[in-house]
Amino acid sequence: MDEPISPGDRPAMGRSPGISEPAPPAAPSAPVRAPSLRRWLASPLALAPLILLGLVVAVLAIASEGQYFGLSFWGPVWEFIPTDPAGSTYGIALFALGTAITAGIALILASGLSLAIAIALTTYLPPRTGRILTTLTDLLAGIPSVVYGIWGFVVLAPYFASTVEPNLRNALGWLPGFGGPESAIGGGTGLLLGIFILTLMVIPLTTAVMRESLRSVPRDVVEAGLALGATPWEVVRRVRLRVARRGLWGAVFLGFGRAIGESVALAMVLGNTIQYPPSIYGGSYTIASFIFTQLDSAFFYPELLRALVEFALVILLITIAFNLLGQRAVSGVRTRTVPGAGGRA
Amino acid sequence: MSGNAAAPPSANDSLTARSPSRARRGTLTTGVAVGIAVILLVVGLGGGYLIGKNLATSSSGNGPSYTITETGSTLIYPLMNLLGPNFTALYPNIQVSPAGTGSGTGISSAEAGLVDIGGTDAYLTPSVAAQHNLINVPIAISAQLVFYNLPGVNVHLNLNGTILAMIWAGKITQWNNPLIEAANPGVSLPAQTIIPLHRSDGSGDTFMFTSLCYLSWSGWPGGYGTTYSWQAGQPGYQGNSGMVTGLSDTKYGIAYIGISYLAEAQAAGLQYAALGDQAANVNGLNPANYILPSPANISMDANLALQNLQPPSVAISLILGGVPGATHLQLGQGGTMPTSTYPTPYPDTNLEYTLISTHPASPAKQKWVVAFLEWALSYGNLPAYMQAVHFLPLTAEVIGYDMQALSSVSVSA
């Protein structure tokens, strides 16, 4: 199925310039013609994000004074003694664990659901319904996170405490992580609610990016597949998903960026307790939500502030690392799916 | 197959048919965008006007206009919001602009000179205050209540600092623990696990509560402060209103909540405890020693604690104000706190503080900051204002200290 598609793609792109002049010289001449002044202005502008990023890292590194980047900083013990801040232990591991659990599960759920929604929107749903759904998911993307947090805390938490979690515990109590004592459920805030809210917050973003990348698959490639007798599902699986793979991965990494950095909403619904979560009902903290909750106190205790700044530095570096990894994955995917791409660029 | 072949043309049709509706949507979008831009412009201009007003010292008829800025404790915010407009009614050139941001922000903003008044639930240690040319000016008396969500138990339970400390330290885990039962004869307590709640944000309430635990029980680990390393599994909530909502969702839970939220907590069906005084801590069996947080009992605590201070000071924790010979608590380190030598009627009591500079950048403006606080300490201290925000009026002793402290602020004549 691959072979008829990629050649079908390239002639299609070359067809329109081919009318006026030969295709090969037309493509490279366009970028060369860019005015030098504009290019001169553009290069520092393009560097601006890098410079900003470097400045942020530098400022954070200086502010933290590197005071607690010892072995205990990477450990699981957070023991802040307000009367002895210098002798306290500032370990990041439990917060990193909470971040990994909430962002990881939420991202997996959101990616799967978003992919399903995006496929339905681009292939199966009539355009009218698709437009309405698109508008709705785009609206969800614009809701501030604090609104999700308040809704989760005021509306969902009591419902989770009284109905969802007791039923889940009765039905799946035998499964590790879903059982535990009745008191573990508490007021409904905890990992389950946190993951639920975070998934809801990530879905609109990943859906929008996945939808657009599936939609940007050239129509003649899709039609070629259909003309060869493929069912719509085969076209989705073998054509749309392959051609759009780069954008789909981009969506996942964007979603990760949103999930890992969320603080306000999770501070309201995640249960805010420092522990190895005993079950899915237990409370936790993410690095970002912990920084958010402790910031006001940190003004009293300079050592606490430095530890929080180091937390911020860690989360920043993780985000950068994942973005770089994502870009590498994406570029690898591109060369694999379109072997002849080099000729076009 | 035929269905597939038909799909692309229908998409094309809808594309052409959509153009007019698209155009209409375009106009609508433009309209909405223009509307939002206008709103932003108005808000921006308004903000600019206020800032301009704040900076302006231009004379207008009766004298210069000033905006006194306050930031800090969310407990103080309602009081400032109430006093400000009343002061402006008397002195139309003076506006008071308060913000509820948290005690830590109140202190750091006052230290940095970003605001005229910093509001905080916990006093600034006198040595640190002197370093930044700030003075502690108590403005009201507040108290903290211990609420619980116990289905079937609708009485005021008798609890004391020792029991509370052991609950939050994880040493007492069941409601029918012998220590709780002994303090509450005749009350049938359920054999259920206690779920202790805490404030996850930086909080003067956490400072008060951990102070109470620290002073009451020698086994209390990890000291006291606006944040604390709580036991694993104890859920944290944002703000006092978060505690009220969280506790009403948490059966068999228990929480410490500022008295300003008494009405909200009672509306949510929560009940609060009578707390034991020092005698009750020594001998937890006598119910007569458990005191309800009535205005009279809270005021009495402040009165007695402050009357007996040697040397006199207002930078004091009123928690268990009467532990004989005890060193009173302070934030951070350095400096020795005065002690009082009197029993405390309601132990979980506190002063609410404002911080102002003794060497202000603008002595002309500081004159009005001092005037505002003097008004707040005299007329603003009337029960009519205080009761509206569930605070209690300051005692004559504290007002005396305050007025003396304010006289040390350098202002232009």
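Please treat every number below as a calculation from the coordinates, not as lab data. Owing to the predicted nature of the structure, the values given are computational and were not obtained by experimental measurement. Don't worry about glycine lacking a Cβ; one is built from the backbone with ideal geometry, like all the others, and counts go over all protein chains shown.
Which whole-number percent is the relative contact order of segment A:94-331 (Cα, under 8 Å, 6+ apart)?
On the way: 311 pairs, mean separation 71.1, N = 238.
Dividing the mean separation by the residue count of segment A:94-331 yields 30 percent.
Search the structure for amide H atoms under 5 Å from the amide H of B:Gly276, placed 1.01 Å from N in the peptide plane, and list their residues when 5 or more places away or on another chain.
Those qualifying (amide H under 5 Å, at least 5 residues apart or on another chain) are B:Leu159, B:Asn160, B:Gly161, B:Ile291.
Step by step: find N for segment A:163-270, compute 2.2 N^0.38 Å, then divide the Cα radius of gyration by it. What's the final number?
On the way: Rg = 20.1 Å, N = 108, 2.2 N^0.38 = 13.0 Å.
Against the empirical 2.2 N^0.38 Å value, I get 1.55 for segment A:163-270.
From the mean inverse distance of alpha carbon pairs (Kirkwood) and the Cα radius of gyration, derive Rg over Rh for segment A:94-331.
Values: Rg = 20.3 Å, Rh = 19.5 Å.
Computed over Cα atoms, the ratio is 1.04.
Order by neighbour count: B:Thr245, B:Thr193, A:Thr129, B:Thr250, fewest other Cβ atoms within 10 Å first, most last.
Working: B:Thr245 23, B:Thr193 15, A:Thr129 12, B:Thr250 26.
Ranking B:Thr245, B:Thr193, A:Thr129, B:Thr250 by Cβ neighbours within 10 Å, fewest first, gives A:Thr129, B:Thr193, B:Thr245, B:Thr250.
Which number do you get for Rg(Cα) / (2.2 N^0.38 Å) in segment B:210-276? Mind dumping the intermediate values first?
Values: Rg = 13.0 Å, N = 67, 2.2 N^0.38 = 10.9 Å.
Expressed relative to 2.2 N^0.38 Å, the Cα Rg reads 1.20.
Distance between Cα centroids, segment A:73-115 to segment B:129-148: provide it in whole Å.
Spelled out, the Cα-based centre of one part sits 33 Å from the other.
Which three extents, in whole angstrom, do the alpha-carbon atoms of segment B:144-282 cover along their principal axes, largest first?
Largest to smallest, the principal-axis extents are 38, 35, 26 Å.
Work out the length of the dipole vector of segment A:129-286 about its Cα centre, built from +1 on the beta-carbon of each Lys and Arg and -1 on the beta-carbon of each Asp and Glu, and round it to the nearest 20 debye. Before the final figure, lay out the partial values.
Details: 12 positive and 8 negative charges, 123 e Å.
It comes to approximately 600 debye.
Using Cβ contacts closer than 10 Å as the measure, can you line up A:Ser64, A:Ser216 from fewest to most? Walk me through the numbers before you get to the answer.
On the way: A:Ser64 20, A:Ser216 12.
Neighbour counts put them in this order, fewest first: A:Ser216, A:Ser64.
Give me the inter-chain shielding for B:96-106: mean count of other chain Cβ atoms within 10 Å, whole number please.
Details: counts 0, 0, 0, 0, 0, 1, 4, 4, 10, 3, 2.
Per residue, the average neighbour count from other chains is 2.
Quick one: compute the contact order of segment B:187-262, relative version, from alpha carbon pairs under 8 angstrom and 6+ residues apart, as a percent. It would help to have the intermediate numbers written out before the result.
Working: 99 pairs, mean separation 31.3, N = 76.
Result for segment B:187-262 is 41 percent.
What share of Cα pairs, in percent, lie more than 15 angstrom apart in segment B:187-242? It would help to have the intermediate numbers written out before the result.
Values: 835 of 1540 pairs.
Taking all Cα-Cα pairs of segment B:187-242, the fraction more than 15 Å apart is 54 percent.
How much length would be gained if the chain were fully extended between A:Glu212 and A:Thr231, taking 0.36 nm per residue of separation minus their Cα-Cα distance, in nm to one decimal?
Values: separation 19, 0.36 × 19 = 6.84 nm, distance 2.17 nm.
Roughly 4.7 nm would be gained on extension.
Given the options B:Thr210, B:Ala265, B:Thr250, identify the residue whose Cα lies farthest towards the positive end of the charge dipole of segment B:131-276 (+1 on Cβ of Lys, Arg; -1 on Cβ of Asp, Glu).
In segment B:131-276, that residue is B:Thr210.
Per residue of B:349-355, what is the mean number of Cβ atoms on other protein chains within 10 angstrom of that residue's Cβ?
Numbers: counts 0, 0, 0, 0, 0, 0, 0.
The mean count of partner-chain Cβ atoms within 10 Å per residue comes to 0.
Explain nothing, just the number: relative contact order of segment B:144-282, from Cα pairs under 8 Å at least 6 residues apart, as a whole percent. Please report the intermediate quantities before stating the final value.
Working: 245 pairs, mean separation 57.0, N = 139.
Result for segment B:144-282 is 41 percent.
Calculate the mean, over all residues of peptide A:289-296, of how many other protein chain Cβ atoms lie within 10 angstrom of the residue's Cβ.
Numbers: counts 2, 1, 0, 3, 9, 6, 5, 17.
Average per residue, whole number: 5.
What order do you get for A:Arg240, B:Arg199, A:Arg215 when you list them from fewest to most C-beta neighbours inside 10 Å? Don't jump to the answer; show the numbers that get you there.
On the way: A:Arg240 24, B:Arg199 29, A:Arg215 16.
The most exposed by this proxy come first: A:Arg215, A:Arg240, B:Arg199.
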